[in-house]
Amino acid sequence: MFRRRSSPKVEEAAPPPAGRERCAAGGCRRLDGTQCSYVDKRSRRCPTAWCPNHVADVAGFPYCRRHASTMSAIEGGEVVAGLPDLDNRAPSLVGWISRELDEPIRDVLTRVAPPSGARLVTDPVRLIITPGGSTRRWAKTWKIVDSTSVLNRVSIEVDEVDDCHVSARVDTELIGRGLPPWIGNRQAGRQVDPQVDAAERAEFAAAMARSIELVVTGEEVAFGH
Ligand SMILES: [Zn+2]
Ligand SMILES: [Zn+2]
């Protein structure tokens, strides 16, 4: 269950009245757009507005597509330490990779779990702040727990200051770090057609899943660098 955000700080950002803005979608001429509700940790509000055809709803609030992806990743949960900067993709990248890896991670953890007395639990994408607050990492975690402790833990993480790279951790050990191909393509200004993009995404996810599997089962390490 997620907690509904108590308030998207609408009053602070003083938005124009809802539903009176020009829609930001390419080619859309509607003038009944509602402003995206996203407010980042510096209290900046996303300036885009979207008509009913193009707005994305998460937990009852309107968002642009980018921020809907962030809010869906954290399952609408409240982030006391504040949401990432407007243009930061860390939580949504963790969300995407986690959806791709959910099944293989569940499979391998279930395989290594003791036959009885243990169960799999998952946490939604959450902010991990290192002591002192010097780093903000977004992570999704899968755990095998018994009645007293965590037996195995896998997490997928993206650091806010480097929101292009995805890391995988098994227990506390960092086992790999990679640049997703579509981000690499964009950085290099390469256009790829949708089939190639889909194949590259699947290959990247499969390589990460394989690395996690090898470490969890005690075989070997390594994906990306
Ligand atoms: Zn529109
Ligand atoms: Zn937005």
(message) Any residue that is more than 21 Å from residue 141 (Cβ to Cβ), within 13 Å of ligand 2 (Cβ to nearest atom) and in contact with a Pro (Cβ under 7 Å, 6 or more places away or on another chain) - is there at least one of those in segment 64-85?
(response) no
(request) Determine if segment 17-24 includes at least one residue that is of a type in the set (A, V, I, L, M) and at pLDDT 95 or above. (result) yes
(message) Yes or no: segment 218-225 includes at least one residue that is hydrophobic (A, V, I, L, M, F, W, C) and modelled with pLDDT of 95 or more.
(response) no
(message) Residues that are more than 24 Å from residue 83 (Cβ to Cβ), over 21 Å from the mean Cα position of the chain (by Cα) and assigned to a strand (DSSP E or B): does segment 166-174 have at least one?
(response) no
(request) For residue 34, indicate whether it is within 12 Å of ligand 2 (Cβ to nearest atom), surrounded by 17 or more Cβ atoms within 10 Å (Cβ to Cβ) and at pLDDT 95 or above. (result) yes
(request) Working carefully through the options 60, 95, 132, 117, find the one that is more than 16 Å from ligand 1 (Cβ to nearest atom), within 22 Å of residue 25 (Cα to Cα) and of a type outside the set (S, T, N, Q). (result) 60
(message) Please go through (1) surrounded by 14 or more Cβ atoms within 10 Å (Cβ to Cβ); (2) modelled with pLDDT under 95 for residue 114 and return the number of the only condition it doesn't satisfy.
(response) (1)
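Conditions (1) surrounded by fewer than 17 Cβ atoms within 10 Å (Cβ to Cβ); (2) in a loop (DSSP other than H, G, I, E, B); (3) assigned by TED's automatic domain parsing to the domain that holds residue 127; (4) touching a residue at least 40 places away in the same chain (Cβ under 8 Å), marked per residue:
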site: 66; (1), (2), (3), (4): no, no, no, no
site: 78; (1), (2), (3), (4): yes, yes, no, yes
site: 84; (1), (2), (3), (4): no, yes, no, yes
site: 98; (1), (2), (3), (4): no, no, yes, yes
(request) Would you please name the residue that is nearest to ligand 2 (Cβ to nearest atom), looking only at residues in segment 42-58 that are surrounded by 17 or more Cβ atoms within 10 Å (Cβ to Cβ) and outside any strand (DSSP E or B)? (result) 46
(request) Please indicate, with yes or no, whether at least one residue in segment 182-194 is surrounded by 14 or more Cβ atoms within 10 Å (Cβ to Cβ), within 18 Å of residue 98 (Cβ to Cβ) and out of contact with any Gly (no Cβ under 9 Å at 6 or more places or on another chain). (result) yes
(request) Any residue in segment 206-219 that's free of Cβ contacts under 8 Å to residues at least 12 places away in the same chain: show its pairings with residues that are assigned to a loop (DSSP other than H, G, I, E, B) and of a type outside the set (Lys, Arg) at Cβ separation under 9 Å, as long as the two are six or more apart or on different chains. (result) 214/220; 214/221; 214/222
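The values are calculated or read from the model by the stated rules, or taken from the named source; none is laboratory data. Fair warning: this is a prediction, and the values are worked out from it, not measured in the lab. Every residue, glycine as well, gets a Cβ built from its backbone with ideal geometry; the counts of neighbours run over all protein chains shown.
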